[in-house]
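Each remark here refers to the structure printed beneath this line.
The values are calculated or read from the model by the stated rules, or taken from the named source; none is laboratory data. As the structure is a prediction and not an experimental result, all values here were calculated from the model. Cβ atoms come from the backbone with ideal geometry, glycine included; neighbour counts cover every protein chain shown.
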Amino acid sequence: MRTLITGGTVLSATGASAADVLVEDEKVAAIVSPGFVETADTVLDASGKYVLPGGIDAHTHLEMPFGGTQSADTFATGTEAAAWGGTTTIIDFAVQAKGTTLTATMDRWHEKADGNCAVDYGFHLIVSDVNDTTLKDMETCVDRGVSSFKMFMAYPGVFYSTDGEILRAMRKAADTGSTIMMHAENGIAIDELVAQALAEGRTDPLQHGLTRPPALEGEATSRAIALAQVTGAPLYIVHLSAAEALTAVAAARDDGRNVFAETCPQYLYLSIADLARPGFEGAKYVASPPLREKHHQADLWRGLRTNDLSVVSTDHCPFCFKEQKELGRGDFSRIPNGIPGVEHRMDLLHQGVVAGEISLARWVEACSTTPARMFGLYPRKGVLAPGADADIVIYDPTARQTLSARTHHMNVDYSAYEGFEIMGKVETVLSRGKVVVSPSGFGGTSGHGRFLARDLCQYLN
Ligand SMILES: [Zn+2]
């Protein structure tokens, strides 16, 4: 079965060229001069369009248990929404509950995802219970293709690890070559600020932002970098939101350390003003770290250009406004944390190209090629080249769309980007050679997506 994509502009992390893409079964067979191959079983006309490697979202939370409820997208709905938005691989977080093992956690997440995903998927593991068994199991996880472990300096009593526990896990990460992903906020100090706010009767969603100041993200980021330096563990800061944290990451990278960071579209486009929306509307924007003052956005865009921020992921963690976000009426600390976004990452970052913040090549690099290399999926994913999986997006850069909960495909009752006008739109998406999204709609199936056993990070020095 041969598919030929003709007439488009093929994008990569290094630039753009006029070329045709030949797909054979599930793989890219060749990138050729326009017209060089004349026939195929299926021909897709990409004239005037971009042809790029499918997006890789390295940070999602599907069916994630949270305080008696769970995030609103299942592996089926979340991966379908991802496909609609040009993301053909997700890496989701399997969550270790205290008192359970990492291997049992991994098994549980395989059960949830297996047979349900529309696109390919991998896992990271959230480590919340550091003990001898956990440390031993980290080796097994790496052997089974889960090569990155997330830890929390926030959320005392839930996911929080002490510096000592982080140090132990980092030693094991250094031994195995695996990556420690860090939620870097000083949760002990934050909990005190939250308690003070509630005691003073400050209960509205804006308080979520005010009780998690940027300085406490900067401090935790610096501390994580120091712990990584002491242990030799590769470190990846998740959802970096504040200029203070970016400064710490940039200094470590200038020093030649194995320190990396991602940011998310919400920190590039939304701000603490959204948390202050009247009524309880601000709850829609509650996530941690919180949305920041607008001036941080220019720093984050600069960080993306300079590669101090290497990856853009979504931290997709959808909770419906009705009945889920509403759990926090009268007490902002009870609002489920998370913003939906898996469907809109490629579009929102393309908007950064339109606005002149990043280049086309950087768009592809930050959204696809670098996450593939960062998490051991390259060159199977993240590039259009012979032998790579045929995960391909045909993108119309001149189409216009307005983001809205009425038209999105995520299983959540609001959009954090309601009314955003976007230049550019996904037209067609192939997942391992199969057309899953086309102008006539969704043509994928739950169960098409396969588990990806990942290698180690490919950037380590
Ligand atoms: Zn997250």
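Go through (1) out of contact with any helix residue (DSSP H, G or I) (no Cβ under 8 Å at 6 or more places or on another chain); (2) at negative phi; (3) more than 16 Å from the ligand (Cβ to nearest atom); (4) touching a residue at least 40 places away in the same chain (Cβ under 8 Å) one by one and return the number of the condition residue 25 breaks.
Single failed check for residue 25: (2).
Please specify each residue of region 220-255 satisfying the condition of being buried (at least 18 other Cβ atoms within 10 Å of the Cβ) and closer than 20 Å to residue 147 by Cα.
224, 225, 227, 228, 231, 233, 234, 235, 236, 237, 238, 239
If only one of 136, 112 is of a type in the set (Lys, Arg), out of contact with any strand residue (DSSP E or B) (no Cβ under 7 Å at 6 or more places or on another chain) and either farther than 27 Å from residue 444 by Cα or within 16 Å of the ligand (Cβ to nearest atom) (or both), which one is it?
On the way: 112 fails: either farther than 27 Å from residue 444 by Cα or within 16 Å of the ligand (Cβ to nearest atom) (or both).
The conditions single out 136.
Please go through region 271-296 and give me each residue that is of a type in the set (A, V, I, L, M) and within 16 Å of the ligand (Cβ to nearest atom), ordered by number.
Taking region 271-296 as the starting set, the residues that turn out to be of a type in the set (A, V, I, L, M) are 272-273, 275-276, 283, 286-287, 291.
Those that are of a type in the set (A, V, I, L, M) and within 16 Å of the ligand (Cβ to nearest atom): 286, 287, 291.
I'd like to know if region 229-245 contains one or more residues that are without any contact (Cβ under 8 Å) to a residue 24 or more places away in the chain, assigned to a helix (DSSP H, G or I), more than 16 Å from the ligand (Cβ to nearest atom) and farther than 26 Å from residue 342 by Cα. Break it down into steps so the answer makes sense when it comes.
Kept after step one, since they are without any contact (Cβ under 8 Å) to a residue 24 or more places away in the chain, are these residues of region 229-245: none.
No.
Going by what's in this entry, would residue 82 be described as closer than 16 Å to residue 426 by Cβ, modelled with pLDDT of 95 or more and more than 18 Å from the chain's Cα centre (by Cα)? Give the derivation first.
Numbers: closer than 16 Å to residue 426 by Cβ: yes; modelled with pLDDT of 95 or more: yes; more than 18 Å from the chain's Cα centre (by Cα): no.
No, not satisfied.
Please enumerate the residues belonging to region 364-409 that are closer than 18 Å to residue 423 by Cβ and without any contact (Cβ under 8 Å) to a residue 60 or more places away in the chain.
Those that are closer than 18 Å to residue 423 by Cβ and without any contact (Cβ under 8 Å) to a residue 60 or more places away in the chain: 399, 400, 401, 402, 403, 404, 407.
Quick test of your reading of the structure: residue 193 fulfils all but one of (1) more than 21 Å from the chain's Cα centre (by Cα); (2) within 16 Å of the ligand (Cβ to nearest atom). Name the failing condition by number.
Of everything listed in (1) more than 21 Å from the chain's Cα centre (by Cα); (2) within 16 Å of the ligand (Cβ to nearest atom), residue 193 misses just condition (2).
So, in region 147-165, exactly how many residues are away from the ligand (no atom under 16 Å from the Cβ), over 16 Å from residue 216 (Cβ atoms) and touching a residue at least 24 places away in the same chain (Cβ under 8 Å)?
Count: 2.
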